[in-house]
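The values are calculated or read from the model by the stated rules, or taken from the named source; none is laboratory data. The model shown is predicted, which means the values in this text are computed figures rather than measured ones. Positions of Cβ are backbone-derived with ideal geometry, glycine not excepted, and every protein chain shown enters the neighbour counts. When the accessible area is computed, the model is the full protein with side chains, heavy atoms only, and any ligands, DNA or RNA have been set aside. Shrake-Rupley method; radii C 1.70, N 1.55, O 1.52, S 1.80 Å.
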Amino acid sequence: MTRQSAATLRARLVDQAASDLEENRRRQRELTEKIKLLKQEEAILVDILRLAEKYEGLAEASPLPEQTPEKPAPTEAKSRRAAAPTPAKETSRQPLLGDLLLSLLGAHEEPRPAKELRDELLEKHPDRSPTPQVVRNTLESLVAKGRIRRHKQQRSVKYTLTASA
């Protein structure tokens, strides 16, 4: 190998190393930015979970209007319940929609779509008439709480109880 060819080879290696180093640093900057975004997203998700835990009891204590018609405002109902709950009040209260849906799901081995669950609910509980959207929202709430699982099959969504429920 001649001195000139060695210098040319060395120059090419130095150029390649410099180029690789610049590419490495560019990718590090990209990853740093992605990590920064992921940490921001993580902080938001942690806040959402904290809020959900904080208000979980509140959501269960104040039923939706379609679940219990002509009930007093949630604050009045809560103060009366906290003051002196009577057995008559507890027995006259309708079960929560989520509890009814859990019961219906428990009666089936196979995953069930929201529409079939709503139809079965209307048949077994004619006094209840939640809209399809309310049933889906309630099912998704139960998914978020880990009480049921969502199964997606192409464009359809079906639900089953989790093992813990």
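Out of Asp15, Asp20, one residue alone is open to solvent by 100 Å² or more (accessible area, probe 1.4 Å), at pLDDT 90 or above and out of contact with any Phe, Trp or Tyr (no Cβ under 8 Å at 6 or more places or on another chain). It is Asp15. Just to be sure, is Val157 of a type in the set (A, V, I, L, M) and closer than 17 Å to Asp99 by Cβ? No: the conditions fail for Val157.
Taking the options Leu64, Leu58, name whichever one is modelled with pLDDT under 85, exposed (fewer than 12 other Cβ atoms within 10 Å of the Cβ) and within 27 Å of the chain's Cα centre (by Cα). Answer to the selection: Leu58.
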